[in-house]
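Structure record follows, encoded as structure tokens.
Just so you know, all these numbers are worked out from the coordinates, no wet-lab data involved. Because the structure is predicted, anything quoted here is derived from the model rather than measured. Cβ sites come from the backbone with ideal geometry, for glycine too, and all protein chains shown count toward neighbours.
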Ligand SMILES: Nc1ncnc2c1ncn2[C@@H]1O[C@H](COP(=O)(O)OP(=O)(O)O)[C@@H](O)[C@H]1O
Ligand SMILES: [Mg+2]
């Protein structure tokens, strides 16, 4: 290694540009300005990619799904929305909620995950939870006196996804805590809820009529309801049917 090269690498190290040293030989430009520009652009690109990967990891998705891999044909999207407008994530800028409602296996989790991943790619902060796990977490944090810290984390999100909403009954304390989270999102950040329960049955799950009504009120105010009425994708694609 030449002395100049060594000193360049030393500077990169001090400036925390370690990855840039890997690219010193990749760029083939001879013009010094063009060379520097290409190198810097590669660094920007690498940092972007790393940031998106981190944000997808922190969001806590259970599966990796994409919008390209999703077929909208069996989803009833409300007037004023379209697959394209969903993909543009305008609902996040508007602080609107999406309620994805339908039977098991119809693609609710897929779409919620794909929108969440798209949001990470566009630099929104996302959190993905199965609702039962979120309630358990909230209860544990509350009991340990650490709920405030978690609520601050929720308040930094642009999009909170609660998957499998209403699949497991929630006791009164749990419902109260969940209500706190929903309230923290109200008009400030977007929620996506996936559920197979219609509103009339929510009080059977949350076991508190008044609070359920208040929760539905908050959720529905700025919500779009997407109905997944296709035959289960698992059934459609299963080998059993061949
Ligand atoms: N419309 C769709 N387009 C592409 N894949 C789908 C669609 N609906 C369901 N799937 C696939 O079928 C499986 C079950 O879907 P999932 O999203 O888990 O259903 P749900 O959450 O409604 O129970 C997943 O592997 C998902 O990727
Ligand atoms: Mg699901």
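Take 220, 170, 77 and order them by how many other Cβ atoms sit within 10 Å, fewest up front.
On the way: 220 12, 170 23, 77 16.
So the residues, fewest neighbours to most, are 220, 77, 170.
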- Task: Give the span of the range 75-241's Cα atoms along each principal axis, as three whole-Å numbers ordered largest to smallest.
- Result: 50, 35, 28
- Message: Could you work out the pair-distance distribution P(r) of the range 3-57 from its alpha-carbon pairs, with 5 angstrom bin width and percents rounded to whole numbers?
- Response: 4, 19, 22, 26, 16, 7, 4, 2, 0
- What residue among 90, 28, 108 shows peak mean-square fluctuation when the chain is described by a Gaussian network model with Cα springs under 10 Å? 28
- Cut-off 18 Å (backbone N to label point 7 Å along Cα→Cβ of residue 152), residues of the range 28-59: none
- Note on the structure: Going fewest to most other Cβ atoms within 10 Å around each Cβ, 202, 165 line up as 202, 165
- Neighbour-count ranking [beta-carbon atoms within 10 angstrom, fewest first] of 215, 64: 64, 215
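Taking a quarter of the surface of the Cα convex hull of the range 1-131, what do you get in nm²? List each step's numbers first, then the result.
Values: hull surface 47.7 nm².
Average projection, Cα convex hull of the range 1-131: 11.9 nm².
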